[in-house]
Amino acid sequence: MQVVAQAQRVPAPSSVGNRWLRDAIGLALIVAAGLAGYWLFPDNLALLTRVIAVALLVLSLDLITGYCGVASLGQASLFGAGAYAAGIACVNGVTEPLTLIVIGAVAGAAAGLLMGTIMLRAHGLAQLVLSIAIVQLFHEAANKASAYTGGSDGLAGLTVSPLFGLFEFDLWGQTAYLFGLALLVVVFVVLKFIVSSPFGMLCRGIKQDPIRIRAMGSFVFPVLLKMFVISGAVAGMGGALAAISTQVVGLDSVSFELSANALVMLVLGGLGSLYGALVGTVIFMGFEHIVSAINPFHWMTMVGALLIAVVLAAPGGLSGVLETITRSARRSKGGRP
Amino acid sequence: MSDLFRVEGLTKNFGGLAVSRNISLSMPAGERLALIGPNGAGKTTFVNLVTGQIRPSAGRVVLAGEDVTGLGAVRRVRKGLVRTFQVTRLFSELTPEEHVTLTVLQREGKARRILSRFTGHSDVAGEVEGILSTLGLLDVARRRVGEIAYGQQRLLEIGIALALRPKVLLLDEPAAGVPSSDTPRIEQALERLPPSLAVLMIEHDMDLVFRFARRVVVLAAGEIIFEGLPSEVAADDRVREAYLGNYAHARSVA
């Protein structure tokens, strides 16, 4: 057995079928973890729904930062665009939850198109600074347009009609959570297809060497812009979910702080892996919740320490650690983990 | 138009420094041309000018009767003007199979599709396998590029270029950095290039140049100082001056 495994390791890596199986297991784990959260923490469903909304934001950031190599500290612009669009639509009488999610996605995609068009003009540090400037402008715009957004008071009074006309968004947040979980699973599956499509491969190539991609006869800008639009749609859905579940949209949803936290969560979980984005979000927000309850004054210090530990000990993020462990387990056992 | 590819009076100045001076040459289909010259002669600048990475100060680049001087690098690739890089530019995380697949999909305009599978196109897979097997890379087709030998990476550079189905191929030192034991494999790959393809090769390895090229052009200090048969190049006084002596002196004499 040992010998066979050793011999197989050299030429061929995971075949296509193997990859499908891995993704199916990964997806089953996400659903299982989501349902476990539902039964284990019935009193914290509002927080868990918030985790899902932020997970969508971090996934969207992973698309442009992890897969395309464009770092952004302004991703909350797209999240906020979705949240406000859904919120404003809801206040004005569009209360069907799925429609609101679609509105959020469209608004996020439009914001992504705008943000990408601006950011992709620059490179490196200038690009990062542009992303901060954009989120500050969005923040200021949302603050000033108080007739539509409620300004610093936030946009309140969202009454969302029951999902499929059957399930009320109740006080305990059960409907909102399960709705969010289903949305996350659907988005995750779609993103899995996107990142493994030829387009996803092209993006990974651009991340590593845009000059090589140009020499292959492909323009770089339109490819990255397309990813920005997709990323915007995902972030916008996250924003819309947050709006639906909390029934308020606040200025914090277009803040620099949320953008920066999203990047921290992504680095924590591991760039360039969809699982990493989820793991990072859950760990960060879980850690935040627990530590801030224990010590409300110094929890950020603890998060900082955790981040330093992860970056130094595991530059690939927590999902990178998991992958190393499963790979070595596979080598020693000669089978799947 | 008998010439598939023609360069007319190509000149590039960086400030006051002329790195390419009035370079003109032409290649018919099936050409095997070697461009040689001492270090700093402007060979890579020439490739960058021809492929559109940098814009010339003066001159024209003509491909199949069409002036492509105004086109960017990407459009020139799509017209069939393809290069390889002196220092390997590959994606270390991807496999050779993925590199060539991506290139073939790109050539067919399918690389930007979101709702399409990367693998599983049987015609693409067949073509990829064909290219990899011609280059002797089938054994390592599914290893990550970061793990394969440098000589194999150089071959993959050529494979990517071939997957674009070029009309004109510019090879920037295909054997650079390859251990001499692996040079024969590169040479073999060069021999198997499609006969109709016009190939311009920059190379320092003179054995390779003499075996490969039917015509040699020598570049020194940004201009062409010799154009002729490989057998004549070593006997030319100006070439010897350029390689061995003071080139400035040689120019004042000539």
Exercise. Dipole size in debye (nearest 20) for the protein assembly as shown around its Cα centre, Lys and Arg Cβ +1, Asp and Glu Cβ -1?
Worked result: 880 debye
Exercise. Roughly how many whole Å is it from the C-alpha centroid of region B:187-217 to that of region A:164-200?
Worked result: 57 Å
For this session: Run the quick spin-label model on residue B:165 and residue A:326: label points 7 Å from Cα toward the beta carbon, then report their separation in nm to one decimal.
Result: 3.9 nm
Seminar exercise, completed: For region A:249-263, Karplus-derived ³J(HN,Hα) couplings (6.51, -1.76, 1.60; θ = phi - 60°; whole Hz; x for glycine and proline) come out as 10, x, 5, 5, 6, 10, 8, 5, 4, 5, 4, 5, 4, 4, 5
Problem set entry | Shielding by other protein chains, A:196-209, mean Cβ within 10 Å | 6
Problem set entry | Choice from B:59, B:80, B:72 showing the highest fluctuation, given a GNM over chain B with Cα pairs closer than 10 Å | B:72
Seminar exercise, completed: For residue B:20, other-chain or 5+-apart residues with amide H closer than 5 Å (H placed, Pro excluded) are B:12
Seminar exercise, completed: In degrees, nearest 10, the alpha-carbon axis of helix A:97-119 is tilted away from the dominant principal axis of the alpha carbons of chain A by 70 degrees
Exercise. What does the highest-first list of A:252-265, B:173-186 look like by mean Cβ count within 10 Å?
Worked result: A:252-265, B:173-186
Seminar exercise, completed: Longest principal axis of chain B (C-alpha) makes with the long axis of helix B:96-107 (C-alpha) an angle, in degrees to the nearest 10, of 80 degrees
For this session: Select from A:61, A:155, A:268 the residue whose mean-square fluctuation is largest in a Gaussian network model of chain A (Cα-Cα springs shorter than 10 Å).
Result: A:155
Exercise. Could you give me the ³J(HN,Hα) list for region A:291-307, computed from phi with Karplus coefficients 6.51, -1.76, 1.60 and θ = phi - 60°, whole Hz, x at Gly and Pro?
Worked result: 5, 5, 6, 6, 9, x, 8, 10, 5, 5, 4, 5, 4, x, 4, 4, 5
Seminar exercise, completed: Note, region A:218-233: 3J(HN,Hα) by Karplus (6.51, -1.76, 1.60, θ = phi - 60°), whole Hz, Gly/Pro = x, goes 10, 6, 9, 4, x, 5, 5, 4, 4, 5, 4, 5, 4, 4, x, 4
Exercise. Gap in Å between the Cα centre of region A:221-238 and the Cα centre of region A:102-153?
Worked result: 13 Å
Problem set entry | Other protein chain Cβ atoms within 10 Å, averaged over every residue that makes up B:51-58 | 1
For this session: Go through B:48, B:4, B:27 and say which Cα lies farthest out towards the positive end of the charge dipole of region B:1-95; charges sit on Cβ, +1 for Lys and Arg, -1 for Asp and Glu.
Result: B:48
Exercise. Along the positive direction of the dipole of region A:17-254 (beta-carbon charges: Lys, Arg +1; Asp, Glu -1; about the Cα centre), which of A:34, A:73, A:250 reaches farthest?
Worked result: A:73
Problem set entry | Overall Cα dimensions of chain B - principal axes, largest extent first, Å | 63, 41, 35
Exercise. So which lysines can residue B:110 reach, going by Cα to Cα under 18 Å and dropping same-chain residues fewer than 8 places off?
Worked result: A:226, B:79
Seminar exercise, completed: Using the Cα gyration tensor of region A:17-254, the equivalent ellipsoid's semi-axes, largest first and to the nearest Å, work out to 30, 24, 13
Seminar exercise, completed: With +1 on the Cβ of every Lys and Arg and -1 on the Cβ of every Asp and Glu, the dipole magnitude of chain B about its Cα centre, in debye rounded to the nearest 20, is 900 debye
Exercise. Any idea what the dipole of region A:20-162 comes to, in debye rounded to 20, about its Cα centre with Lys/Arg Cβ at +1 and Asp/Glu Cβ at -1?
Worked result: 240 debye
Seminar exercise, completed: Out of A:286, A:276, A:250, a Gaussian network model of chain A with alpha-carbon springs under 10 Å gives the largest mean-square fluctuation to A:286
Exercise. What value does the protein assembly as shown have for Rg/Rh, both radii from Cα atoms and Rh as Kirkwood defines it?
Worked result: 1.07
For this session: Take region B:1-147, drop everything but the C-alpha atoms, weight them equally and run the Debye formula without solvent; then report log10 I(q)/I(0) at 0.21 Å⁻¹ to two decimals.
Result: -1.26
Problem set entry | Shielding by partners, peptide B:115-121 (average Cβ within 10 angstrom, other chains) | 4
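Throughout, read-outs are computed from the coordinates displayed, never taken from laboratory work. The structure presented is a predicted model; accordingly, all values stated were derived computationally and were not measured. Note that each Cβ is placed from the backbone with ideal geometry, even for glycine, and that neighbours are counted across all protein chains shown.
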